[in-house]
Amino acid sequence: MTASRRRKWGVSRRPAWQARSTAGLVTSNCSAPPKLDPSASAGVDTHRRVAEVMDRPGDGWVVDAGAGLGAFTEVLVQQGYRALGLELKPGNFRCPSAPHVLVDLDRGMPIASSSLDGVVAIEVVEHLEQPLFFIREAARCLRMGGWMVVTTPNVVSLGSRLEFLLRGYPSGFCDAEFRGNGHISPVSLLELRRIAERTGLAVEAVTYNVGRFPIPGIYRRMTTRREVFRNATFGEALIVRLRKTGSPKPQIVRG
């Protein structure tokens with residue numbers, strides 16, 4: 001079909017993620033892939049656990065929201081997904097294998113509704129002012145039956161509860177993390193279930209990256225990969241797979 005006939009019939013070859021805005025589109029021009037260290041942008045084994053719970057690659061696009069350096073975007077490409085990175089900071093994304101868009105996730109996603117197979121948000125929601133709005137936007141962009149994987153610090157672990165009891169904040173949300181790392185929004189599994197219910201999503205699977213023992217002074221070093229400790233009590237990072245099953249609720253009931 002010629003360009004003139006595509007214009008006449010409204011047909012476009014642009015990917016769905018370009019349908020709303022292309023102003024922030026940036027493609028990498030690296031001549032050789034840089035070394036991308038997953039541990040620099042996520043907790044121990046987080047990328048591995050996320051890959052285990054994702055759907056198999058399909059024909060549609062999968063977005064790596066808050067992609068950072070693009071380490072997991074590269075994982076998506078290597079596993080056969082059509083990957084797109086969404087990143088806030090110019091020059092931060094270093095994955096040469098996939099395009100990316102500069103976007104502030106607190107302001108929405110420049111992607112057409114019902115156009116994505118999947119969305120991955122690794123260590124993202126705790127950095128956002130509006131986690132519910134972001135998940136609602138992700139749900140809008142997903143096709144019916146599409147999936148989303150969210151990871152965030154496990155704020156209800158035994159270690160986190162002890163930290164809250166002794167210091168007044170959950171693990172990962174001290175003043176230093178607030179000011180230096182941008183951890184501003186603790187989100188628990190209960191809150192994710194409630195957000196899912198309001199945004200047309202359903203919680204399908206829950207897991208954790210590794211277990212950590214709440215022993216003062218050596219907490220950060222006491223890590224175990226044994227499955228028996230990868231749970232709500234000892235898990236370091238919460239990992240949740242969501243599925244789009246319906247439409248969002250039309251309104252929020254307030255007292």
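Each reported figure results from applying straightforward, stated rules to the coordinates on display, with no laboratory input. These numbers come from a predicted model, not from an experiment. Here Cβ is always computed from backbone atoms with ideal geometry, including for glycine, and neighbour counts include all displayed protein chains.
Tabulated results
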| item | result |
| --- | --- |
| Sorted largest first, extent of region 142-240 alpha carbons per principal axis (Å) | 47, 32, 21 |
| Chain lengthening between residue 253 and residue 133 when straightened (0.36 nm per residue, less Cα-Cα) | 41.6 nm |
| For residue 119, distant residues with modelled amide H under 5 Å away | 63, 147, 148, 149 |
| Ranked list, fewest to most other Cβ atoms within 10 Å of each Cβ, for 109, 148, 222, 54 | 222, 54, 109, 148 |
| Kirkwood Rh in Å, taken over region 63-174 so that all alpha-carbon pairs contribute | 15.0 |
| Per-residue Cβ neighbour rank within 10 angstrom, fewest leading, 215, 239, 252, 184 | 252, 215, 184, 239 |
| Order of 50, 155 under a 10 Å beta carbon neighbour criterion, fewest first | 155, 50 |
| Loop-located trypsin sites (Lys or Arg not before Pro) in region 150-255, at most 13 other Cβ atoms within 10 Å (DSSP) | 225, 226, 254 |
